[in-house]
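The structure appears right after this line, and notes come after that.
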Amino acid sequence: MQPGLERIEALLARLGRPERRFRSVLIGGTNGKGSVAASLAAALQEAGHRTGLFTSPHLTHFAERFRVDGEQAEGKELLAALEAVRPHAEAVGATFFEVVTALGCWLFARAEVEWAVMEVGLGGRLDATNALSAELSVITNVGLDHTDVLGDSVEAIAAEKAGILRAGRPAVTASTPALWPLLEQSEADLWTLGREFSFRVKELGLQGAALELCWPGATEPLLLRTPLLGTHGAANAALAAVAALRLGVEAQAVSRGLTQTHWPGRLEFLTVQGHSWLLDGAHNPDGAQALADTLDLLELPPVRLIFGTSADKAVEEMVQVLAPRVSDVILTQAQWSPRAAEPSFLRPLWEAQGIPVREAALPVQALALAAPPSWSTAPAAAPTVVCGSLYLVGEVRGLLLEQTAEKRERWQ
């Protein structure tokens, strides 16, 4: 990973500037980027626009990162694009994520999309996606994550994320009011949650949320439904809806798009052979808090947890947030992530909270331990929760759904 725009600019130039053949939106923030991006793409598609969706990381298959009108890139198409991009990427010394970003632009241009919704990888100012001339930018929220790269304060991280904002162009954010002055330094036409627009949750449950959205110029609130779970899921849906409205999407298309949004691995319920699972990619303290709040909201009893995370995360803070909602924990690590923390490293953090612990070297072994109800004190009706890393969630999801995972190391 080498922050900077020089290589991606050179790579896109060598490819004939594919990113200029469609209109684009950038989605940045600490958490919720993927949910907002997926919801916005669905709204644009419902409005009749051929839409590309670029997200990262993937859960099970690399091709998930590139979707056109909801369909991921096909294998032959993806290989052909890689062959076209590779010599140019090697010539400029592009990083992995720069290659992936250029690949998305190439695929979207070839597919003749009208809009591309691009999820920012890391930060914003120096992220490869920032080479695109976004017509609208979204910053979901700002929390402490990737502090070794972005800075050790919320303000420093916000300044990096503000780099995706464009002077004079529309932008929306759900960040805290304390950060609004910093974001406004970009001179973007910024709408903020709680000032220019607001939403009120009317219903929350296992089926998602119903909410009322108010925004400037609206004569009456817009009633929306989203399958995204929890209060933060409703907030992400509201943010995507406002972004779509600012792009000129009609309210009814926004409503239809949000209803049909599906975002795997993020507070996703699955039932497999009579056992229920809740998969969530929470991988930092804010994500862990959102998961904990959702467990409280759903009035679930203490749950059995399969937990594994990257070694560079704020693990102790995550454990402290989740522990009061956990009956017992099975520690494991993503098989194909070299960044994954060893279960033995995580064990003392959970034991310090008084939580019974078991270890499993691999996710498949963790699933075997989780299935028998006899060891756990969690009621049989409670789902087993899997969280801590999107890499772990992706591997577990593939095992549960009997999807063949790609057997290669994953750093990003």
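Points worth noting:
- Potential extension, Glu135-Glu196 segment - 0.36 nm per residue separation minus Cα distance: 20.1 nm
- Equivalent ellipsoid, the stretch 248-343 (semi-axes from 5 times Cα gyration tensor eigenvalues, Å): 28, 17, 15
- Above 12 Å, the calculated P(r) of the stretch 286-328 contains 59 percent of its Cα-Cα pairs.
- Summary value for the chain: 16 percent relative contact order, contacts being C-alpha pairs under 8 angstrom separated by 6+ residues.
- All Cα-Cα separations within the chain were binned at 20 Å from zero, giving a P(r) of 28, 59, 13, 0, each value a whole percent of the pairs.
- Among 58-66, 215-223, the peptide with the highest mean count of other Cβ atoms within 10 Å heads the list, and the full ranking is 58-66, 215-223.
- Stretchable slack from Gln403 to Gln185, in nm (0.36 nm times residue separation minus alpha-carbon distance): 73.8 nm
- Vicinal HN-Hα couplings computed from phi for the stretch 284-291 (Karplus, 6.51 cos²θ - 1.76 cosθ + 1.60; Hz; Gly/Pro x): 8, x, 5, x, 5, 5, 4, 5
- Surface/4 of the Cα convex hull for the stretch 14-155, nm²: 8.5
- Only helices enter this figure: runs of n ≥ 4 DSSP H residues, each worth -39500 (n - 2.57), summed and divided by the residues of the chain, yield -10500 deg cm²/dmol at 222 nm to the nearest 500.
- Our analysis of the stretch 1-81 gives Rg over Rh at 0.97, with the two radii drawn from alpha carbon positions and Rh computed by the Kirkwood formula.
- Protection proxy ranking, peptides 128-136, 1-9, average beta carbon neighbours within 10 Å, highest first: 128-136, 1-9
- Anisotropy class of the stretch 263-412 from Cα gyration tensor, a/c 1.5 cut: rounded
- Percent of Cα pairs exceeding the 20 Å cut-off, where the set is the stretch 116-233: 50
- Cα centroid separation, the stretch 233-296 to the stretch 118-143 (Å): 20
- Cα Rg, Dmax (largest Cα-Cα span) when computed across the stretch 157-291, Å: 16.3, 54
- Per-selection Rg to Rh, the stretch 65-121 - Cα, Kirkwood hydrodynamic radius: 0.95
- Relative contact order computed over the stretch 250-395 (Cα-Cα under 8 Å; 6+ residues apart), in percent: 32
- Paramagnetic label zone (point 7 Å from Cα along Cα-to-C-beta, Glu112; backbone N under 18 Å) in the stretch 16-33: 18-23
- Within the straight-line cut-off of under 20 Å between alpha carbons, the lysines reachable from Lys313 are Lys33, Lys161, sequence neighbours fewer than 8 places apart in one chain being disregarded.
- With contacts taken as Cα pairs under 8 Å at a separation of at least 6 residues, the stretch 13-99 carries a relative contact order of 18 percent.
- Residue-normalised accessible area of the chain, given per residue in Å² at a 1.4 Å probe: 41
The values are calculated or read from the model by the stated rules, or taken from the named source; none is laboratory data. Quantities reported herein were computed from a predicted structural model and do not represent experimental measurements. Every residue, glycine among them, receives a Cβ derived from its backbone with ideal geometry; neighbour counts consider all protein chains shown. Please note that ligands, DNA and RNA were not included when accessible areas were found on the heavy atoms of the full protein model with its side chains. Shrake-Rupley method; radii C 1.70, N 1.55, O 1.52, S 1.80 Å.
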